[in-house]
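Where a number appears in this text, it was derived from the coordinates with a stated rule and is not lab data. Nothing here was measured: the structure is a model prediction, and the numbers come from that model. Here Cβ is always computed from backbone atoms with ideal geometry, including for glycine, and neighbour counts include all displayed protein chains.
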Amino acid sequence: MRADLLTAPLAGLDEALAAVDGFDEALTGGLLRPGPGQAAGLAGLADAVAGSPLAARVAEAAEKTAAAAAGEDHFVALAAARCALLGSVHDALAERVAEMLGRPVEAPAGEPGPAGAGPAANLLAAARGWLCELARAGWRGLDHDTVAGAAPVVAALLPDPALRRLAVLLDGFAAELAACCPGSALERVPARRWADLWSRGLLLTLPGAARTPVVDAVTGRLLPLGVDLQEHATAVQAQVHAVFESADGGTPRLVRASVSAAKPDTVVGAGLWQLLRPHMSLLAAAGEGRAVDLDAMPVTAEGDLVWDEDRARAGEPAEALATARVALPAAAAFPVAPLDRHPARIAAPALLEGYAVEDGADGMVFLLAGHRLAVDAGRMPAAGPLTREALAASGACVGLLRWDAGEFRLQPLAVERTVRGKGVAVHAGAWAGGTTDKAGVRAEKAAADAVTVLRERAGKLLRK
């Protein structure tokens, strides 16, 4: 890894993010009657895309919005400009990551799939109308009446599978906004996050934007690198990052395979694996350090496997650290779809060795050839044996290289440390398929007891 590139400046990065921040500040105050400061933010966004095909439309949109005469098309143009700027940031950072890791640069994106029969235009227009009302009100002008306008829109969108992506986004967005009403009382506004959701939602209301992704079928060997466990109060997802080696001998590719489940908020820690275990072949392979042989497994154009248990069988042992040393350097990433090009999406598997560890009040840092790489230890799940102590004692680490808050950070997935003269691997997802680890067994038993009680109570309620 070229550690010197971790902090090397990227041309235009600060300027692009400053233009995004300026627009986000304007959106925070509301675009019904923008003030001089908000007009400057709108003009900055237009200037940032002046050399692109969006230039004329965004310049008009910024002018109309600053004059309090904007329509829905103008808001859509501003959202498109914002997404384009963050997409350019994503591309620059992705190229930097490929250069740092000595990895092939991802291939250009292919043509999108056929649009097919378009969803109901009136439902998309209703969603667009609600999002435009949010923009006029701004985050400081939020109230429950404005946010409640999403409910009938979401209810109408959900039954149509082609509109479900938009429906779920609006539903979650509205719930988050409702929890923060009134906006005038907020001490701190998550301006970047809410503007991300607003602009993505607005673009998804355009015909064809949410078309079904291209799906292919692949046959070969899947070599897991680690498990990224993500959860909130009502859902959990395990995303397995892996290298795929095609049976036809093509270039190895970086892929992801995800399994998700709904959950009660009382099931946490190791109990989460019990909810995900219907997809046993994937989780068992990740937990036990085995390859998975795939036969015509569906995969999207972005490298996400659409997991099908009938098309997977357990393969030979394949330890994640060995995979990272042998197969990872030559693996190429899949291209990223236009709407998904965002800095927050970057999660590049990487192998680090020969580092020193600093663990202080400001957090954990890996020192690589005199350069510092922040370690996001807070992303390590409690549902596994990988701990801060194991990380501090490690000499090799497989993790996801991310970009957050203006710097590169590493999310550990597995480490190797020396115990009695031997290298011992510790994985964040080691308990995914089951465990004999004493701590893991105790945690699973406690979670199983909690699930049993919940099922009993649910059964009593249903009988009543």
Inset, instruction - Note down the net charge around Val236, summing +1 for each Lys or Arg and -1 for each Asp or Glu among other residues with Cβ under 12 Å from its Cβ. - result: -1
Legend entry - Distance between modelled label sites at Asp310 and Asp340, nm, 7 Å Cα→Cβ extension: 2.5
Legend entry - Computed lengthening from Glu358 to Asp404, 0.36 nm per intervening residue step minus Cα-Cα distance: 14.6 nm
Inset, instruction - Mind giving me the FRET efficiency for Glu60 and Glu456? R0 is 56 Å, r the Cβ-Cβ distance, nearest 0.05 is fine. - result: 0.35
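Pulled fully out, how much extra length does the chain show between Gln230 and Asn122, if you take 0.36 nm times their separation in residues and subtract their Cα-Cα distance? All intermediate terms of the calculation are to be shown ahead of the outcome.
Details: separation 108, 0.36 × 108 = 38.88 nm, distance 3.46 nm.
Length gained, Gln230 through Asn122: 35.4 nm.
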Legend entry - Whether the range 9-63 is rounded, prolate or oblate, judged on the alpha carbon gyration tensor where a/c under 1.5 counts as rounded: oblate
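What value, in deg cm²/dmol to 500, does the helix sum -39500 (n - 2.57) over DSSP H runs of n ≥ 4 give at 222 nm once divided by the residues of the chain?
Values: 14 runs with 183 residues, N = 464.
Theoretical 222 nm ellipticity from helices: -12500 deg cm²/dmol.
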Legend entry - Between the range 357-375 and the range 274-293, the Cα center-to-center distance that results, in Å: 32
Inset, instruction - Grab every C-alpha pair in the range 249-302, bin the distances at 5 angstrom width from 0 up to the longest one, and report whole percents. - result: 4, 14, 22, 22, 17, 11, 7, 3, 1, 0
Inset, instruction - May I ask for the angle, rounded to the nearest 10°, between helix 13-29 and the longest principal axis of the chain, with both axes built from Cα atoms and the value confined to 0 to 90°? - result: 60
Legend entry - Spread of Cα-to-Cα distances over 10 Å intervals beginning at zero, given as percent, for the range 232-334: 14, 44, 31, 10, 1
Inset, instruction - Taking only the C-alpha atoms, wrap a convex hull around the range 214-464 and report its volume per residue in Å³ as a whole number. - result: 162
Legend entry - Formal net charge of residues neighbouring Leu177 (Cβ-Cβ distance under 13 Å; K, R +1; D, E -1): -3
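How would you order 90-97, 32-39 from highest to lowest mean count of nearby Cβ atoms within 10 Å?
Working: 90-97: 17.9, 32-39: 14.1.
Peptide ranking by packing, descending: 90-97, 32-39.
What order do you get for 283-294, 163-174 when each peptide is scored by the mean count of other beta carbon atoms within 10 Å, highest first? Don't skip to the answer; put the middle values down first.
Details: 283-294: 22.3, 163-174: 19.3.
With the highest mean Cβ count within 10 Å placed first, the list reads 283-294, 163-174.
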Inset, instruction - Calculate how many DSSP beta bridges within the chain are antiparallel, expressed in % of all such bridges and rounded to the nearest 5. - result: 90
Inset, instruction - Report the convex hull volume per residue for the range 342-464, counting only C-alpha atoms, in Å³. - result: 170
Legend entry - Scaled radius of gyration (Cα, divided by 2.2 N^0.38 Å) that the chain gives: 1.04
Inset, instruction - Could you please rank Glu231, Glu133, placing first whichever residue has the fewest other Cβ atoms within 10 Å of its Cβ? - result: Glu133, Glu231
Inset, instruction - Using Cα centres only, tell me the gap between the range 212-251 and the range 409-428 in whole Å. - result: 22
Inset, instruction - For the chain, find the longest principal axis of its Cα atoms and tell me its angle to the long axis of helix 72-101, 0 to 90°, nearest 10. - result: 30
Legend entry - Candidate lysines for bridging to Lys263, where Cα separation is under 26 Å - those fewer than 8 sequence places away on the same chain excluded: Lys438, Lys445, Lys460, Lys464
Inset, instruction - Pull out the extension gain between Ala11 and Ala369, defined as 0.36 nm times the separation in residues minus the alpha carbon to alpha carbon distance; nm, one decimal. - result: 126.5 nm
Inset, instruction - Would you mind counting up the charge near Arg192? Only other residues with Cβ under 10 Å from its Cβ, with Lys and Arg at +1 and Asp and Glu at -1. - result: -2
